[in-house]
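We did not get these values from a lab; they are worked out from the coordinates using the rules stated. Because the structure is predicted, anything quoted here is derived from the model rather than measured. We place every Cβ from the backbone using ideal geometry, glycine too, and count neighbours over all the protein chains shown.
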Amino acid sequence: MKNIKQPDDLLTQLEGKEVNLTVEVAGQKLSLSNLDKIVWPERAGQKAVTKRALISYLAKVSPYLLPHLKDWPLSLSRYPDGVDGEHFFQKHYSPVPDFVETVLLSSHDSPSQEYLLCNNLATLLWLGQIADIELHTWFSRIKPGADFKTGAMSKKDVDFYADYPDFLIFDIDPYIYSGKETIGEEPELNRAAFRQTCRVASLVKQTLDKFACPCFIKTSGKTGLHVFIPIKRQLDFHGTHELAEKLSKFLQQRYPDLITTDWAVEKRKGKIFLDYNQNVRGKTLASIYSPRPAPGATISVPLHWDELDRIYPADFTIANVPERLAKLGDLWANILDAKVDIVRLFSDVKLDSLPV
């Protein structure tokens, strides 16, 4: 296994008692403040988690995390007063420190604006400082590459590149309730629901296996699972959305008592929601290794497929994910090397013949 270099000097400073600290990261000075502020309050049997612990976690996992953030536009999900306080999404942040890279991108409902990129350690730690607990990335990079559609390499338009995703994804969420939720509340994490979520993820994989299509799985860090297919950038988001919809509705038709694709929440109850609508330009999911605002400071973690029958989302936290990484390495380290020509793959098996 490749030896991963940790930012040991920085971690040593964070282990001190100073609540306000100025650190130097690759020649950049970064001010960290209120390090003992509680981000995840104490819950039954779970210790409180501070901003210091959050930033230390980001530093520890940075060698694994940063490659999954580089050149993907980022939307912020901030909790300035901790996970029990006010929360807001923020697509655009200004002004930013000199070390934070940005990119100008258009949106279907607004003029072009600057999006953040997390391309270096200083930026990652700064995101922890401003209480961006969740790292929400697009599914498309702003750089070309050998996997890009024919003729596109001559273009120098990041807005164009961002139209062609690196992944087709399935967001799998359980709508099986524990019975403890208040009226109108989303289902809380419970083992019965998660077992069914794992079953649906396995059905997605079995279907993709028939097409010899590789797929990768991770916990959402909350109640569900995310399945990613790494694809050559030949389809734009309209194409990936159409394909994900067809596959999802095929599975819904095959397993109507288990799977729903219905947008109406009241019609999802008792089933697992297979959400293909995430395959849209500008939509995001929590990145690999991103913290989540859930009890215990849980993390979105990649899995071996054979782990599904023995894991639970609450197993993976800020406290223990660095140890898992040190032991197993990054299970998604080579995900972009596994890209498939999804146009050829599914045209060969006559996808249009699948019932919907």
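Taking 2.2 N^0.38 Å as the expected size of a compact globular protein, what ratio does the Cα radius of gyration of the range 161-234 give against it, to two decimals?
That works out to 1.32 for the range 161-234.
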Volume per residue of the C-alpha convex hull in the chain, rounded to whole Å³:
153 Å³
Report the per residue volume, in Å³, of the convex hull enclosing the C-alpha atoms of the range 46-125.
127 Å³
Which value, to two decimals, describes the C-alpha radius of gyration of the range 69-204 once divided by 2.2 N^0.38 Å?
1.31
To the nearest µm²/s, what D does Stokes-Einstein give for the range 6-99 at 4 °C and 1.567 mPa s, using the Kirkwood radius over alpha carbon pairs as Rh?
86 µm²/s
Cross-link list 222/339; 143/283; 149/249; 180/249: which exceed 23 angstrom alpha carbon to alpha carbon?
222/339; 149/249; 180/249
Full extension between residue 81 and residue 182 adds, at 0.36 nm per residue less the Cα distance, a length in nm of 34.0 nm
What longest region of the chain stays clear of GluC sites (Glu not before Pro) that DSSP places outside H, G, I, E and B and that have at most 14 other Cβ atoms within 10 Å?
186-356
A convex hull over the alpha carbons of the range 263-356 yields, per residue, a volume in Å³ of 192 Å³
Semi-axes of the range 202-347's equivalent ellipsoid from the Cα gyration tensor, sqrt of 5 times each eigenvalue, largest first, rounded to whole Å?
25, 20, 15
Taking all pairs of different Cα atoms in the range 237-286, averaging 1/r and flipping that mean, what Kirkwood radius in angstroms comes out?
11.5 Å
Can you tell me which of 88, 160, 194 moves the most in a GNM of the chain? Springs connect C-alpha atoms under 10 Å apart.
88
Histogram of C-alpha separations across the range 1-60, 5 Å bin width, %
4, 16, 25, 23, 14, 10, 6, 2, 0
Separation between the residue 266 and residue 199 pseudo-spin-labels, each 7 Å from Cα along Cα→Cβ, expressed in nm?
2.6 nm
State, as an integer percentage, the relative contact order of the chain based on alpha-carbon contacts under 8 Å between residues 6 or more apart.
17 percent
Kindly identify the range 1-158 as rounded, prolate or oblate by the Cα gyration tensor criterion: order the square roots of the eigenvalues as a ≥ b ≥ c, call it rounded if a/c is under 1.5, otherwise compare a/b with b/c, prolate if a/b is larger, else oblate.
prolate
Find how much the distance from residue 33 to residue 19 grows on full extension, using 0.36 nm per residue of separation minus their present alpha carbon separation; answer in nm with one decimal.
4.4 nm
Once you keep just the Cα pairs under 8 angstrom separated by 6 or more residues, what percentage relative contact order results for the range 94-218?
14 percent
Cut-off under 17 Å on the C-alpha distance; same-chain residues fewer than 8 positions from residue 37 excluded. Which lysines are left, in chain and number order?
17, 47, 51
